[in-house]
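*Asks:* Below are the structure tokens for one structure; questions will follow.
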Amino acid sequence: MGKIRKKIALIFGITGQDGSYLSELLLKKNYIIHGVKRRSSSANTERIDHLFDSLNFSNKNFFIHYGDISDGTSTLNIINKVKPDEIYNLAAQSHVRVSFDVPEYTADVTALGALRILESIRILNLKKTKYYQASSSEMYGLVKKKKSLNEKTPFHPRSVYGISKVFAFNATVHYREAYNIFACNGILFNHESPRRGPTFVTKKIVQGLVRIQKGLQNKLTLGNLYAVRDWGHAKDYAISMWKILQYKKPDDWVIATNKDQTVKKFIDLVAKKLNIPLKWRGKGINEKGINKINGKVIVDLDKKFLRPSEVDFLKGDFSKAKKHLKWSPGISTDQLIDDMINEELSIY
Ligand code: NAP
Ligand code: F7E
């Protein structure tokens, strides 16, 4: 009997939250993984250090290459060298607030980066290579009716990050239609985990409140408390990425939990789990979260964390993915918060 050839996956954005969970999943599925890492002056492989020997940049089934999706030549060269069965493009300047400060850079990486990968697949004539684009609920932006959003809901992005993701979404559809490339969009709603970057709101809240409980920090300063988000667990969402590329045809998919919460509710849930007695006082930018027992201000607001234009409401209808991909979120918000808190507590 001949040996079954292992599938080869190439992951752009392997050092990020999702890249690390996707790598763990694909290694379990017996893939050979090639990941692309940017050069940085300080270590950026913390989330994947457990998967390879960082001195040799590899282990048996896991290889890291230096590259950058703002560099078309290196992107094309890596794809040509690896000739992957599946490419996952998770690389992006992924912070919405930061995209207001560095719009041109965000568009170069988040929009044109996707185009550079798609162009490489086309130029190299890789007929069998499948492409996953990390599209985002931020594309919906200004939502007219506060109801669950699906694959048919129109996009109205509210940041250069959102605009760039709409470009990448459309480029993915275009390369599918024009060149018959198996190119897919996962329209993923917010997903979090202990590995979430520290400046995203859920991680900032968990980290801040744990540190306050431990007496290591006095207060947590935030922006808009009333934004509504649909928060899932990144581990669940990595499974959806793989399922999207295994489906019989390329398509676009909403991945979400169909549950919504405000930022304020998320703070209340975390505070309750940490036994921090919290009450709210004041309005607008003067609203504050106060320790009911000693009267100390635990949460306050600062305009610098507000955005010039906000996405007020995001909740996703994942019924298409449920029906055809047999994907549903397995981890509840409650479990997500426990997971994030436990990880944070384990540091101290
Ligand atoms: P993340 O933690 O910020 O990871 C982003 C990854 O992209 C990192 O590995 C980063 O490398 C890499 N990267 C940034 N610029 C690059 C460049 N020029 N060339 C190559 N790599 C580059 O983001 P995430 O939460 O894992 O999200 C993964 C993807 O899904 C992103 O595209 C994001 O926009 C999208 N998305 C995320 C969510 C969510 O809620 N998490 C929802 C929808 C869509 P460094 O480690 O060197 O910074
Ligand atoms: O903000 C509000 C903020 O930065 C969530 C990215 O993964 O998901 C993420 O984008 C909400 C916003 O995530 C603070 O105004 C209040 O309404 O955690 P976030 P995001 O902007 O939704 C989408 C789907 C992606 O694709 C992105 O890559 O929380 N908020 N106070 C705050 N947000 C932050 N960051 N910091 C605050 O202090």
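*Asks:* Looking only at region 114-153, count how many residues are of a type in the set (S, T, N, Q) and in a strand (DSSP E or B).
*Replies:* 3
*Asks:* Still on this structure, I have one more. Please identify the pairs in which a residue from region 307-333 that is under 27 Å from Gln246 (Cβ atoms) has its Cβ atom under 9 Å from the Cβ atom of a residue that is in a helix (DSSP H, G or I) and β-branched (Val, Ile, Thr), counting only partners at least 6 apart or on another chain.
*Replies:* Ala321/Ile244; Leu325/Ile244; Trp327/Ile239; Trp327/Ile244; Gly330/Ile239
*Asks:* Among the residues of region 291-304, is there at least one that is within 30 Å of Ala238 (Cβ to Cβ) and loosely packed, with under 15 Cβ neighbours inside 10 Å?
*Replies:* Checking region 291-304: not a single residue is within 30 Å of Ala238 (Cβ to Cβ) and loosely packed, with under 15 Cβ neighbours inside 10 Å.
*Asks:* Can you name every residue in region 169-211 that is within 12 Å of ligand 1 (Cβ to nearest atom) and outside any loop (DSSP other than H, G, I, E, B)?
*Replies:* Passing the criteria: Phe169, Asn185, Gly186, Ile187, Leu188, His191, Glu192, Val201, Thr202, Lys203.
*Asks:* Output the residues belonging to region 59-90 that are within 9 Å of ligand 1 (Cβ to nearest atom), touching a strand residue (DSSP E or B) at 6+ places or on another chain (Cβ under 7 Å) and of a type in the set (Val, Ile, Thr).
*Replies:* Selection gives Ile69 alone.
*Asks:* Any chance you could count how many residues in region 98-123 are buried (at least 18 other Cβ atoms within 10 Å of the Cβ) and within 16 Å of ligand 2 (Cβ to nearest atom)?
*Replies:* 8
Read the figures in this text as sums done on the coordinates, not as results from a lab. This is a predicted model, so every value here is computed, not measured. Positions of Cβ are backbone-derived with ideal geometry, glycine not excepted, and every protein chain shown enters the neighbour counts.
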